[in-house]
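Trainee: The structure is given below, and queries will be raised subsequently.
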Amino acid sequence: MSSIRKGVAIVTGSGQGIGRTIATRLAADGFDIGLSDVGSNKEKLDALSAELAVKYPGLRLCVEVADVSVEEEVKALIDSVVKQLGSLNVMVANAGINRVAPLVDATLTDWEAIFSVNVRGTFLCYKYAAQQMIAQDQGGRIIGASSLAGKKGHRFLAAYSASKFAVRGLTQSAAIELGRHRITVNAYAPGPIQTAMLELLHEGTAKHSEDKDGIYDKMKRTSAVGYLGNTEDVASLVSYLVSPEAHFVTGQTVAVDGGIFFD
Ligand code: NAP
């Protein structure tokens with residue numbers, strides 16, 4: 001771990017998957033970390049916190065349960081992390097959900113659930129992180145989670161894909177407004193990254209199509225590199241985007257997909 005403290009980062013949805021690895025990477029980079037996820041993942045957050053505390057003595061950590069789709073919980077998350085760790089310099093709005101269904105069977109309930117977490121949740125994290133960063137007047141870094149499905153539509157993913165396109169619009173607009181405050185706003189757009197969410201997509205695709213092999217082979221075949229990614233591939237991009245060197249990169253949604261989609 002870097003011995004120079006670089007500031008404080010919040011990572012939402014950090015109980016597992018991509019968020020967990022981003023939190024671990026930013027801790028290694030020298031950030032103090034506010035770990036956050038929904039209440040049902042509190043034990044995972046506590047376990048990660050204990051693991052990081054042993055690995056990186058001197059690292060300051062706090063665990064905060066928050067549902068990102070609830071405005072009061074996002075405000076309380078940021079207030080509590082700032083109170084405990086002193087500031088907010090990086091917000092990684094990573095939390096997201098997916099549901100897999102053909103358009104003609106997709107329900108409004110699923111549509112609203114996806115938009116409440118992926119779009120409203122990201123908006124709330126951006127908004128309240130930006131308020132705190134502007135008040136601190138030290139610049140900052142805001143990062144969102146888009147997707148390959150936010151660059152190109154995918155079958156059985158109408159709501160999810162629409163929500164991840166929305167993250168790009170939000171990211172571009174926020175970058176324009178916040179640039180003069182030395183706050184950059186970017187998003188990552190992962191392709192197939194091996195997590196529980198990808199497994200859900202694989203199973204859903206197999207269930208709803210004649211393609212019983214799901215998506216793994218197809219994703220490998222259609223990528224330039226020929227293999228799936230892992231969570232470190234996304235975390236290393238985030239590590240760069242939050243670094244001082246990335247001050248001139250803003251408003252971007254950066255693909256990490258092994259070369260499936262080219263902007
Ligand atoms: P994951 O393993 O499902 O982890 C997402 C985490 O967010 C989970 O702990 C989840 O809790 C939590 N979460 C769900 N709803 C929340 C809410 N309302 N408030 C706070 N936390 C909430 O997913 P992942 O694969 O790591 O994905 C992370 C992000 O990358 C997501 O935004 C996803 O859309 C995006 N992404 C992933 C891939 C991929 O291939 N894995 C590709 C493109 C984009 P529960 O488990 O209880 O729901």
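Trainee: Once both axes come from the Cα atoms, what is the angle between helix 196-208 and the longest principal axis of the chain, in degrees from 0 to 90, rounded to 10?
Mentor: Taking the Cα atoms of the chain, the angle to 196-208 is about 20 degrees.
Trainee: Relative contact order for the chain: what percent, with Cα pairs under 8 Å and sequence separation of 6 or more? Show your work: numbers first, answer last.
Mentor: Values: 538 pairs, mean separation 48.0, N = 263.
So the answer I get is 18 percent.
Trainee: If you don't mind, there's one more thing I want to ask. Can you work out the Karplus-derived ³J(HN,Hα) for every residue in segment 163-170? Use 6.51 cos²θ - 1.76 cosθ + 1.60 with θ = phi - 60°, whole Hz, and x for glycine or proline.
Mentor: Working through the residues one at a time gives 5, 7, 5, 4, 4, 5, x, 4 Hz.
Trainee: Next question, about the same structure. I need the peptides 80-86, 7-13, 181-187 ranked by packing, meaning the mean over residues of other C-beta atoms within 10 angstrom, with the highest value on top.
Mentor: Numbers: 80-86: 16.9, 7-13: 27.6, 181-187: 22.0.
Highest-to-lowest ranking by the protection proxy: 7-13, 181-187, 80-86.
Trainee: Between Lys218 and Arg5, what FRET efficiency comes out of the Förster formula 1/(1 + (r/R0)^6) with R0 = 41 Å and r the beta carbon distance, rounded to 0.05?
Mentor: Between Arg5 and Lys218 the formula returns 0.40.
Trainee: When the Karplus curve 6.51 cos²θ - 1.76 cosθ + 1.60 is applied with θ = phi - 60°, which whole-Hz ³J(HN,Hα) does each residue of segment 125-141 get, with x for Gly and Pro?
Mentor: For segment 125-141, the Karplus curve yields 5, 4, 4, 6, 5, 4, 4, 5, 5, 5, 5, 6, 6, 10, x, x, 9 Hz.
Trainee: Ok, one more. Per residue, how much space in cubic angstrom lies within the convex hull of the C-alpha atoms of segment 157-263?
Mentor: Output value, Cα hull per residue: 108 Å³.
Trainee: Let me ask you something else. Have a look at Thr231, Tyr160, Phe31 and report the one farthest towards the positive end of the charge dipole of the chain, computed about the Cα centre with Cβ charges (Lys/Arg +1, Asp/Glu -1).
Mentor: Of the options given, the answer is Phe31.
Trainee: So, one more: Find the all-direction average of the projected area of the Cα convex hull for segment 4-146, expressing the result in square nanometres with one decimal place. If you can, show how the numbers build up before the last one.
Mentor: On the way: hull surface 34.3 nm².
Convex hull of Cα atoms, orientation-averaged projection: 8.6 nm².
Trainee: OK, next. Based on the mean of other beta carbon atoms within 10 Å per residue, what is the order of 217-229, 166-178, most packed first?
Mentor: Details: 217-229: 14.3, 166-178: 18.5.
Top to bottom by mean Cβ count within 10 Å: 166-178, 217-229.
Trainee: What angle, in degrees between 0 and 90 and rounded to the nearest 10, separates the Cα long axis of helix 231-241 from the longest principal axis of the Cα atoms of the chain?
Mentor: 50 degrees
Trainee: Cα-Cα pairs above 18 Å in segment 131-213: how many percent?
Mentor: In whole percent, the share of Cα-Cα pairs in segment 131-213 beyond 18 Å is 53.
Trainee: A further question on this structure: Give, rounded to the nearest 20 debye, the magnitude of the charge dipole that segment 50-198 has about its Cα centre when Lys and Arg contribute +1 at Cβ and Asp and Glu contribute -1 at Cβ.
Mentor: 600 debye
Trainee: Can I ask one more? Quick check: convex hull of the Cα atoms in the chain, volume per residue, rounded to a whole Å³?
Mentor: For the chain, the hull spanned by Cα atoms encloses 121 Å³ per residue.
Trainee: What is the packing order of peptides 53-62, 87-96, taking the mean over residues of other C-beta atoms within 10 Å and listing the highest first?
Mentor: Listed from highest to lowest mean packing, they are 87-96, 53-62.
Trainee: If you don't mind, there's one more thing I want to ask. List the residues whose amide H sits under 5 Å from the amide H of Ala255, counting only those 5 or more places along or on another chain, with H placed 1.01 Å from N in the peptide plane.
Mentor: Counting only residues 5 or more places away or on other chains, the set is Ala189.
Trainee: Using a 10 Å cut-off around each Cβ, can you sort Arg5, Arg120 from fewest to most neighbouring Cβ atoms?
Mentor: With the fewest neighbours first, Arg5, Arg120 line up as Arg5, Arg120.
Trainee: Moving on. So what's the back-of-envelope 222 nm ellipticity for the chain, counting only DSSP H runs of four-plus at -39500 (n - 2.57) apiece and dividing by all residues, rounded to 500?
Mentor: -14000 deg cm²/dmol
Trainee: If you don't mind, there's one more thing I want to ask. Give me the net charge for the shell around Thr250: Cβ to Cβ below 14 angstrom, other residues only, Lys and Arg +1, Asp and Glu -1.
Mentor: +2
Trainee: Still on this structure: Give the order of Ser147, Ser239 when sorted by the count of other beta carbons within 10 angstrom, beginning with the fewest.
Mentor: The most exposed by this proxy come first: Ser239, Ser147.
Trainee: Once the other residues with Cβ under 13 Å from the Cβ of Ser147 are scored (Lys, Arg +1; Asp, Glu -1), what is the net sum?
Mentor: Its environment carries a net charge of +3.
Trainee: In a shell of Cβ-Cβ distance under 15 Å around Ile18, excluding Ile18 itself, what net charge do Lys and Arg (+1) and Asp and Glu (-1) give?
Mentor: -1
Trainee: Helix 42-55 versus the longest principal axis of the chain: what is the Cα-based angle in degrees, 0 to 90, to the nearest 10?
Mentor: 60 degrees
Trainee: If you find the alpha carbon centre of segment 38-108 and of segment 224-263, how far apart are they in angstrom?
Mentor: Here the two parts' Cα centres lie 21 Å apart.
Trainee: Another question, then. Each label point is 7 Å from the Cα along the Cα-to-Cβ direction; what then is the distance between the points at Glu232 and Val54, in nm?
Mentor: According to this spin-label approximation, the distance is 2.0 nm.
Read-outs throughout are calculated quantities, based only on the coordinates presented, and are distinct from any laboratory measurement. This structure is a prediction, so every number in the text was calculated from the model and none was measured. When we count neighbours, we look across all protein chains shown, and the Cβ atoms used for this are built from the backbone with ideal geometry, even at glycine.
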